[in-house]
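A short worksheet on the structure shown next.
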Amino acid sequence: MGRGKCGFRFCAAEEGTGRQEQCEPEGPKQKKAPGKKKITKAERLRLLQEEEERRLKEEEEARQKFEKEEQERLEIQRIEREKWNLLEKKDLERRSEEFEELALLETCFPEAEKQKREMRVLAQWKHYTECDGSPDPWVAQEMNTFISLWEEEKNETFEEVMEKSKLVLSLIEKLKLILLETPPSDLDNRTVLQHQGSILRLQELLSLKVNVATELLLRQASNLADLDTGNMEKIIRDENVTLYVWANLKKNPRYRTVRFSETQIGFEIPRILATSNVALQLLHTRYDHITPLFPTAVTEEKQSSMVAVQFNNEESTEKANPEEKLLPEEKAAGEDEQPKPEQERELNFFQEEETKYEAPEDSVLQRTSSLEEKDPQTIQHELEMKLLSEAVTAAQLRLVENIVDMPEALETYEVDLCHFSPLGGVYHLDILELPPQCKPVKGWMLVEIRQEGLQKFTYPPETTEEPDSESVFPPIEVTLEIHQSVIFFERPKVVRWDNEGKAWRSDGISSVYYNREDRLLTFNMETLSPVTLIQDAHVNMPYQSWEMSPLGMDKVLITVKTVFLELQIHIKANLCMLASVKLKGKGHEFHLNGKWMAPIPFILALKGAGLNIFPAVYSHFYVVVNNKVPQVELKAYRQMALLSSAFSFGWSKWNMVCNSTRVVFRVREHLSEETEHLTWWLLMFSGDRAQMLKMQEESDKFSEALWEGTEFHSTLYHMLKDFASPVAMERVRLSDCQFVNSVCYMLLSIRVLSYS
């Protein structure tokens, strides 16, 4: 054994061979590190057994925890169900009592109708005692006499006709209001036909008188000629009519632009007219006597037949398939069919109304008194429909719109008057043949009078040849001014009257340009004819939100917000007023602001001004609506009107979430400005049950859970009575019947629960 250079030992036996083994350091020899101990099979089985025992223990603990939680959940559900059943039982026990108390409050509706009848009788007597020479529109004989006497009057000037037209237009409006405001039980078919006939005769006679007066004016054209141009130009205005007339006396081919003095209204005429013996007339009437009186009306016979057929079909289907009573998911708005339960409820509701009208001799008061002889269940059913004034009942017929057929398909370019509304009156555009002029002869004025009267000039001329008509007979450019009394939210569409088809059409009009700032409309027409401006009748539907707040005893403010505007309606007693109009958040001065009117004239005035927030019979075909069962919606409006003197009601987003058999809205007590800070509550109402919801408007999920400490009630009145102050409930009981009736009518007309 030797030692190497590195200081390690090596074997001496191998020293001579030159081979060296691995050197080892000097010192004690090191031990090998112990390796990982091998797990035996028994140890492995023991570990697996321990793991299995731990898993089973955890599963058992989880099972026990789940069972405990399930038991707690079931116990909570049992308690809630018992509590719910107890509340339902309590609600059923006092339902008859609550409906009887509601019946006493709802006597305000027949009382309001009784007062209206007395007011109509008093108005007739007042008209009789005044003896002002004007006919009573209620008396057909007086109307016939008035029309006959006016027909006999000859050679009236245009100014005289305009003055007389004020009375004529007033009579027409009164006749229309008689047809709209008078309950069906007070008007028989013969009287209705008489009033409609009087309206048509007055309209035709007024148009005839205007034509005759225009002819008289044009006979004096040479005497009224302008010194500069040599042609006659005349403008005559009043609050209902504006006449622009121009007579081509010089026939100068270079004079092709007609602009009436101090206006931008006029014509751009082709050469053939500039050299012809013609007159141009633009007669703007703020009224519309061209559009049919009732273009979307459905006759009573057709409604009755449709209701009878559909109701019988539904009844037979229900007997054959009783399981179909379950409410399916609602179909999209605008479909031809509805879920059967909804349709059944609507038909039952409408059939009740038809049955009521079959016996007009039974007054509302008689029907109310007969309720005392019936059991509570029958009383509940009867009170739902028979304690309304007849005027409100007429308004509620809009709620059965889903049983009305889709409007028939129209011809190409024909205007659908269910979809669009004519606004701003009618612009009568005419090319007239200039009548023979008056000539002074030896102190006398001689004039040739033609038997055929005022004749229209045909343009373009009727010819069998077909040259390039656009170059030979180019269109006529017309510039109109839109009256300040009308609001257009979109660019107005110009349509012309087709006298043969008796309809408004959109063809024959081109190159339409609208100057919004100056309210000027320029367009080209192939031939002149009456034109009007139309706008989508549902441009402000559906509404974005709404609110109804009291302003004191028997005063309320209804606010409706749409995409384009915010409208506020003030109601007191039996009168309504447009409180404010905001366009794009800015106040807008309007001619209707501050004018108090009865509900129906007020609604007609707003619609005529373009502020249409009143759905019609066919509106659901053109607007995506949140359809509610008519009976539920009607009950909600009636009871909201009863409470409107002391409580505020408002829009809730959850009204869209719940199904069609229930409505959801916000409510709070509102007696003065100091109570405006009170919290809004969410109420859900199904027609025979009202409940306070635990969730808030800002909640993330819809829930029917009740607010702690609240109960079910059969009416909104008793629901709010639980937490309202005595002062608020006293104000409700003392509300004026005319005020409640007007609020109910306005809610029925706007339909905030279905169109927002």
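The values are calculated or read from the model by the stated rules, or taken from the named source; none is laboratory data. Since this is a predicted model, take the numbers as computed values, not measurements. No Cβ is skipped: glycine too gets one built from the backbone with ideal geometry, and neighbour counts run over all protein chains shown.
With the checklist (1) loosely packed, with under 14 Cβ neighbours inside 10 Å; (2) at negative phi; (3) over 26 Å from the mean Cα position of the chain (by Cα) in hand, flag the one item Gly709 doesn't pass.
Every listed condition holds for Gly709 apart from (2).
Select from the stretch 542-558 the residues that are among the aliphatic types (A, V, I, L, M) and touching a helix residue (DSSP H, G or I) at 6+ places or on another chain (Cβ under 8 Å) and write down the one among them that is farthest from Ser580 (Cα to Cα). Lay out the reasoning, then the answer.
At the first step, the residues of the stretch 542-558 found to be among the aliphatic types (A, V, I, L, M) are 548, 551, 553, 556-558.
Remaining after also requiring touching a helix residue (DSSP H, G or I) at 6+ places or on another chain (Cβ under 8 Å): 548, 553, 556, 558.
Working: Met548: 14, Met553: 21, Val556: 14, Ile558: 11 Å.
Across the stretch 542-558, the extreme among qualifying residues is Met553.
Leu149 - would you say it is more than 14 Å from Gln203 (Cβ to Cβ) and free of Cβ contacts under 8 Å to residues at least 12 places away in the same chain?
Details: more than 14 Å from Gln203 (Cβ to Cβ): yes; free of Cβ contacts under 8 Å to residues at least 12 places away in the same chain: yes.
Yes; evaluated as a whole, the condition is true for this residue.
For residues that are touching a strand residue (DSSP E or B) at 6+ places or on another chain (Cβ under 7 Å), of a type outside the set (A, V, I, L, M, F, W, C), assigned to a helix (DSSP H, G or I) and modelled with pLDDT of 90 or more, tally how many sit in the stretch 649-688.
So in the stretch 649-688, the residues touching a strand residue (DSSP E or B) at 6+ places or on another chain (Cβ under 7 Å) come out as 649-652, 654-655, 658, 662-670, 675, 678-685.
Now narrow it down to the ones that are of a type outside the set (A, V, I, L, M, F, W, C): 650, 652, 655, 662, 666, 668-670, 675, 679.
Imposing the further condition that a residue be assigned to a helix (DSSP H, G or I) reduces the set to 655, 675.
The next check asks that each one be modelled with pLDDT of 90 or more; those that pass are 655.
Selection size over the stretch 649-688: 1.
Being buried (at least 16 other Cβ atoms within 10 Å of the Cβ) and either in a loop (DSSP other than H, G, I, E, B) or not β-branched (Val, Ile, Thr) (or both) narrows it down to one residue among Leu149, Leu105; which is it? It would help to see each step written out before you state the result.
Working: Leu149 fails: buried (at least 16 other Cβ atoms within 10 Å of the Cβ).
Residue meeting the stated conditions: Leu105.
When the stretch 183-227 is examined, which residues are found to be without any contact (Cβ under 8 Å) to a residue 60 or more places away in the chain and β-branched (Val, Ile, Thr)? Explain how you work it out, then say what you get.
The initial filter retains those residues of the stretch 183-227 that are without any contact (Cβ under 8 Å) to a residue 60 or more places away in the chain, namely 187-195, 197, 201-202, 204-205, 208-209, 213, 224-227.
Within the stretch 183-227, Thr191, Val192 meet the criteria.
Identify, by number, the condition in (1) buried (at least 22 other Cβ atoms within 10 Å of the Cβ); (2) among the acidic types (Asp, Glu); (3) under 26 Å from Val581 (Cβ atoms) that Glu673 doesn't meet.
The number of the failed condition is (1).
Among the listed residues Thr412, Thr463, which satisfies the condition of being among the β-branched types (Val, Ile, Thr), surrounded by fewer than 14 Cβ atoms within 10 Å (Cβ to Cβ) and modelled with pLDDT of 70 or more? Don't jump to the end; show me each part of the working.
Values: Thr463 fails: modelled with pLDDT of 70 or more.
Only one candidate qualifies: Thr412.
Identify the residue in the stretch 585-617 that is within 23 Å of Leu177 (Cβ to Cβ) and modelled with pLDDT under 90 and, among all such residues, is surrounded by the fewest Cβ atoms within 10 Å (Cβ to Cβ). Walk me through it before giving the result.
First, pick out the residues of the stretch 585-617 that are within 23 Å of Leu177 (Cβ to Cβ): 590-617.
Now drop any that are not modelled with pLDDT under 90, which leaves 590-594, 616-617.
Values: Phe590: 18, His591: 13, Leu592: 16, Asn593: 14, Gly594: 11, Ala616: 18, Val617: 17.
Ranking the qualifying residues of the stretch 585-617, first place goes to Gly594.
Return yes or no: is Met548 within 24 Å of Met640 (Cβ to Cβ), modelled with pLDDT of 90 or more, buried (at least 16 other Cβ atoms within 10 Å of the Cβ) and touching a strand residue (DSSP E or B) at 6+ places or on another chain (Cβ under 9 Å)? Let's see the steps before the verdict.
On the way: within 24 Å of Met640 (Cβ to Cβ): yes; modelled with pLDDT of 90 or more: yes; buried (at least 16 other Cβ atoms within 10 Å of the Cβ): yes; touching a strand residue (DSSP E or B) at 6+ places or on another chain (Cβ under 9 Å): yes.
Spelling it out, Met548 is indeed within 24 Å of Met640 (Cβ to Cβ), modelled with pLDDT of 90 or more, buried (at least 16 other Cβ atoms within 10 Å of the Cβ) and touching a strand residue (DSSP E or B) at 6+ places or on another chain (Cβ under 9 Å).
Here are some conditions: (1) over 41 Å from the mean Cα position of the chain (by Cα); (2) at pLDDT below 85; (3) of a type in the set (Lys, Arg). Lys90 meets all but one. Which one does it not meet?
With respect to (1) over 41 Å from the mean Cα position of the chain (by Cα); (2) at pLDDT below 85; (3) of a type in the set (Lys, Arg), Lys90 is out only on (1).
Looking at the stretch 490-513, can you tell me whether even one residue there is touching a residue at least 24 places away in the same chain (Cβ under 8 Å), under 43 Å from the mean Cα position of the chain (by Cα) and more than 24 Å from Val415 (Cβ to Cβ)?
no
Do we have any residue at all in the stretch 209-228 that's farther than 30 Å from Asn155 by Cβ and in contact with a Leu (Cβ under 9 Å, 6 or more places away or on another chain)? Please lay out each step first, then the result.
Initial filter on the stretch 209-228 (farther than 30 Å from Asn155 by Cβ): 228.
Subsequent filtering for residues that are in contact with a Leu (Cβ under 9 Å, 6 or more places away or on another chain) retains none.
No: zero hits.
With the requirement that a residue be among the aliphatic types (A, V, I, L, M) and either assigned to a helix (DSSP H, G or I) or at pLDDT 85 or above (or both), what does the stretch 28-51 give you?
Step one: list which residues in the stretch 28-51 are among the aliphatic types (A, V, I, L, M), which gives 33, 39, 42, 45, 47-48.
Those that are among the aliphatic types (A, V, I, L, M) and either assigned to a helix (DSSP H, G or I) or at pLDDT 85 or above (or both): Ala42, Leu45, Leu47, Leu48.
Any residue at all in the stretch 80-88 that is farther than 30 Å from Leu175 by Cα, touching a residue at least 60 places away in the same chain (Cβ under 8 Å) and assigned to a helix (DSSP H, G or I)? Explain how you work it out, then say what you get.
To start, the set of residues in the stretch 80-88 that are farther than 30 Å from Leu175 by Cα comprises 80-88.
Then drop every residue that is not touching a residue at least 60 places away in the same chain (Cβ under 8 Å), which leaves 87-88.
The next check asks that each one be assigned to a helix (DSSP H, G or I); those that pass are 87-88.
Within the stretch 80-88 (the criterion being farther than 30 Å from Leu175 by Cα, touching a residue at least 60 places away in the same chain (Cβ under 8 Å) and assigned to a helix (DSSP H, G or I)), the answer is yes, since at least one residue qualifies.
Among the residues of the stretch 207-230 satisfying the criterion of being modelled with pLDDT of 90 or more and of a type in the set (S, T, N, Q), which is nearest to Leu273 (Cα to Cα)?
Of everything passing the filter in the stretch 207-230, Thr214 is nearest to Leu273 (Cα to Cα).
Conditions (1) part of a helix (DSSP H, G or I); (2) under 29 Å from Ala598 (Cβ atoms); (3) polar (S, T, N, Q); (4) in contact (Cβ under 8 Å) with a residue 24 or more places away in the chain, marked per residue:
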| position | (1), (2), (3), (4) |
| --- | --- |
| Phe702 | no, no, no, yes |
| Glu711 | no, no, no, yes |
| Met719 | yes, no, no, yes |
| Val732 | yes, yes, no, yes |
| Ser735 | no, yes, yes, yes |
| Leu753 | no, yes, no, yes |
